[in-house]
Amino acid sequence: MPNYVTIASDKKKSTAFFLCLFLGWMGAHYFYVGRIGKGLLYLFTGGLFIIGWIVDLFKIANGSFRDNVGAPVRNSRG
């Protein structure tokens with residue numbers, strides 16, 4: 001049987017979600033996961049005119065939000 005290893009970020013999904021919920025228009029969730037360029041874009045455009053902010057809330061909630069190396073943010077279990 002092959003052993004499969006899934007790579008997950010060291011950043012927590014719950015932290016990213018609450019940062020996005022309360023400070024998402026400033027890109028705080030992108031700064032948290034190390035995506036500084038996109039964080040600056042959100043900071044200067046108001047969360048991509050609020051539409052990007054809302055999309056990111058759904059991406060974080062369903063698990064498709066990724067950090068700066070492409071790994072998905074991990075669940076807070078454990």
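All of the numbers you see were taken from the coordinates with simple rules; none came from a lab. What you are looking at is a predicted structure, and each value in this text was computed from that prediction instead of being measured. Backbone-built Cβ (ideal geometry, glycine too); neighbour counts: all protein chains shown.
Values as computed for the structure displayed
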item: Subset of the stretch 17-31 that is among the aromatic types (F, W, Y) and surrounded by fewer than 19 Cβ atoms within 10 Å (Cβ to Cβ) - its residue that is nearest to F44 (Cα to Cα); result: W25
item: Residues satisfying the stated conditions in the stretch 23-35, i.e. in a helix (DSSP H, G or I) and over 17 Å from S76 (Cβ atoms); result: L23, G24, W25, M26, A28, Y30, F31
item: Candidate set: the stretch 52-73, residues that are touching a strand residue (DSSP E or B) at 6+ places or on another chain (Cβ under 8 Å) and touching a residue at least 12 places away in the same chain (Cβ under 8 Å); chosen: the one surrounded by the fewest Cβ atoms within 10 Å (Cβ to Cβ); result: G63
item: Among (1) hydroxyl-bearing (S, T, Y); (2) crowded, with 17+ Cβ neighbours inside 10 Å; (3) in a helix (DSSP H, G or I) - the single one S14 does not satisfy; result: (2)
item: Qualifying positions in the stretch 36-51 - out of contact with any His (no Cβ under 9 Å at 6 or more places or on another chain) and either outside any helix (DSSP H, G or I) or surrounded by 19 or more Cβ atoms within 10 Å (Cβ to Cβ) (or both); result: G47, I50
